[in-house]
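Peer 1: I am attaching a structure below and will ask some questions about it afterwards.
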Amino acid sequence: MQKSAPLTMSSIKIECVLRENCRCGESPVWEEASNSLLFVDIPAKKVCRWDSLSKRVQQVTVDAPVSSVALRQGGGYVATVGTKFCALNWEDQSAVALATVDKDKKNNRFNDGKVDPAGRYFAGTMAEETAPAVLERHQGSLYSLFPDHHVEKYFDQVDISNGLDWSLDHKIFYYIDSLSYSVDAFDYDLQTGKISNRRSIYKLEKEEQIPDGMCIDADGKLWVACYNGGRVIHLDPETGKRLQTLKLPVVKTTSCCFGGKDYSEMYVTCARDGMDPKDLLQQPEAGGIFKITGLGVKGIPPYPYAG
Ligand SMILES: O=C(O)[C@H](O)[C@@H](O)[C@H](O)[C@H](O)CO
Ligand SMILES: [Zn+2]
């Protein structure tokens, strides 16, 4: 395995590349075909696409909070809107429901979602918040939308279903329920999409605050955005050790992904909701998109939904 560059050689640069004032930016996904970063602003009900070459942003507004977006095999996107898995057509700005979950829970909505290596769209739910991280507990569940559009439920009793990704050998599923303050792992069966043997691989320290979105890198290590922690932490899931902390000039960091040339850049989303006017003055880039270069590690392309 190739070692990353020694620390003395790396020059990490963190910059805000888009001042978007997202209320709650989330679900960054790199689309190689268009050199673009997709992301959502959950309460603003917007899916955005930032062209890294022209620096322009396009957006599609939907009719309910949109919590994640993913690429779709054969073009277009899928997104979790309210409690629906939807197909998103960028050209005519339409979102067509493929399946609905939590029909008995009127106050629920989807939260983070991502596609697995076999093309299933995983996403979990939560009760709607009255303020950031303030909500009726244990209302969420984790689901996946299979390529044939049927939905499977994995477990319930979730507080805030959040970051998710798969190990490079596809044998482990990593998952975050934010209010557990833990990054968990499950054994993963790629053939069936089944998960088992839940365990914690990392417990957040107090100052790291609330674990939110996450992604894996090409070395199999995890990067976890810490809401209210103003940072992304780099974890070794095998040893359970934190390898590195990246501090950002905004406190409500929500999620991260790799993108850009050869997936050598990291993109980080963040939120403005829940900040008071004084914080907003001190963090004028809150709600923007951050790009981090010089990490000395690459990411992997996102998997497209196969249905
Ligand atoms: O981005 C998300 O995942 C949630 O929808 C947000 O509301 C916050 O992250 C949450 O409040 C912190 O736990
Ligand atoms: Zn999140």
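The values are calculated or read from the model by the stated rules, or taken from the named source; none is laboratory data. A quick note: this is a predicted structure, and the numbers were derived from the prediction, not measured. Note that each Cβ is placed from the backbone with ideal geometry, even for glycine, and that neighbours are counted across all protein chains shown. Surface areas here come from the heavy atoms of the whole protein model, side chains and all, with no ligands, DNA or RNA. Shrake-Rupley method; radii C 1.70, N 1.55, O 1.52, S 1.80 Å.
Peer 1: Might you let me know whether the stretch 229-251 holds any residue that is polar (S, T, N, Q) and in contact (Cβ under 8 Å) with a residue 40 or more places away in the chain?
Peer 2: No, the conditions are met nowhere in the stretch 229-251.
Peer 1: I would also like to ask the following. Report the residue count in the stretch 189-220 for those that are in contact (Cβ under 8 Å) with a residue 40 or more places away in the chain and either in a strand (DSSP E or B) or surrounded by 19 or more Cβ atoms within 10 Å (Cβ to Cβ) (or both).
Peer 2: Adding up the residues that qualify gives 10.
Peer 1: Quick one: which residue in G113, G119, G74, G124 is out of contact with any strand residue (DSSP E or B) (no Cβ under 7 Å at 6 or more places or on another chain) and within 26 Å of Q191 (Cβ to Cβ)?
Peer 2: That would be G74, the only listed residue that is out of contact with any strand residue (DSSP E or B) (no Cβ under 7 Å at 6 or more places or on another chain) and within 26 Å of Q191 (Cβ to Cβ).
Peer 1: While we're looking at this one, here's another question. Let me confirm something: among S144, S180, which residue is of a type in the set (S, T, Y) and open to solvent by less than 10 Å² (accessible area, probe 1.4 Å)?
Peer 2: The match here is S144.
Peer 1: Can you name every residue in the stretch 265-307 that is part of a loop (DSSP other than H, G, I, E, B) and of a type in the set (V, I, T)?
Peer 2: V297, I300, listed by residue number.
Peer 1: Now a separate question. Keeping to the stretch 221-258, report how many residues are assigned to a strand (DSSP E or B) and under 21 Å from F173 (Cα atoms).
Peer 2: 18
Peer 1: Identify, please: which residue in the stretch 258-307 is of a type in the set (V, I, T) and more than 30 Å from V151 (Cα to Cα) and is, among those, surrounded by the most Cβ atoms within 10 Å (Cβ to Cβ)?
Peer 2: Within the stretch 258-307, the match that is surrounded by the most Cβ atoms within 10 Å (Cβ to Cβ) is I289.
Peer 1: Whether any residue in the stretch 42-58 is under 13 Å from T269 (Cβ atoms) and free of Cβ contacts under 8 Å to residues at least 24 places away in the same chain is what I want to check.
Peer 2: yes
Peer 1: Using the structure shown, decide if V224 is hydrophobic (A, V, I, L, M, F, W, C), farther than 30 Å from E152 by Cβ and buried (at least 17 other Cβ atoms within 10 Å of the Cβ).
Peer 2: Answer is no for this residue.
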